[in-house]
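Report on the structure given below.
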Amino acid sequence: MTQDDVPYLPRGVRTQFDAVRNVDVILGPERVLVLDQVGKAVVGRLDGEASLAEISADLAQIYDAPLDAIAPDVTAFVEDLRDRGMVHVRPR
């Protein structure tokens, strides 16, 4: 995966607030993953338009953190979701 790749939630995958558990989750076919605050921030930007680089830059600005610290974590998180079938990626 490169920083130019554009991640997005495929059909059948969505985020939702689970009122019973009082947590945000990402729902996929027969899967539920609990999202922490950082996970929610990343997944909330997977709009199919923004590249990994743009998502990382946006989060670095919002959280006033160095881009070189944010980008590898964002990429690893998105790759993990991709490997679980919860995110698809297209080249830009």
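The values are calculated or read from the model by the stated rules, or taken from the named source; none is laboratory data. Being a predicted model, the structure only gives us computed values, none of them experimental. Note: ideal-geometry Cβ built from the backbone for every residue, glycine included; neighbour counts use all protein chains shown. We work out accessible area using only protein heavy atoms, side chains counted, and drop any ligands, DNA or RNA first. Shrake-Rupley method; radii C 1.70, N 1.55, O 1.52, S 1.80 Å.
When the range 44-77 is filtered for residues that are open to solvent by less than 60 Å² (accessible area, probe 1.4 Å) and on the phi > 0 side of the Ramachandran plot, only Gly48 remains.
So which of Ala50, Ala76, Ala41, Ala71 is farther than 20 Å from Pro10 by Cα, modelled with pLDDT of 95 or more and of a type in the set (A, V, I, L, M)? I'd like the intermediate steps shown before the answer.
On the way: Ala50 fails: farther than 20 Å from Pro10 by Cα; Ala76 fails: farther than 20 Å from Pro10 by Cα; Ala41 fails: farther than 20 Å from Pro10 by Cα.
None of the other options fit; the residue is Ala71.
For the residues Thr2, Thr15, the requirement of being touching a Gly at 6+ places or on another chain (Cβ under 9 Å) and either of a type in the set (Val, Ile, Thr) or open to solvent by less than 50 Å² (accessible area, probe 1.4 Å) (or both) singles out Thr15.
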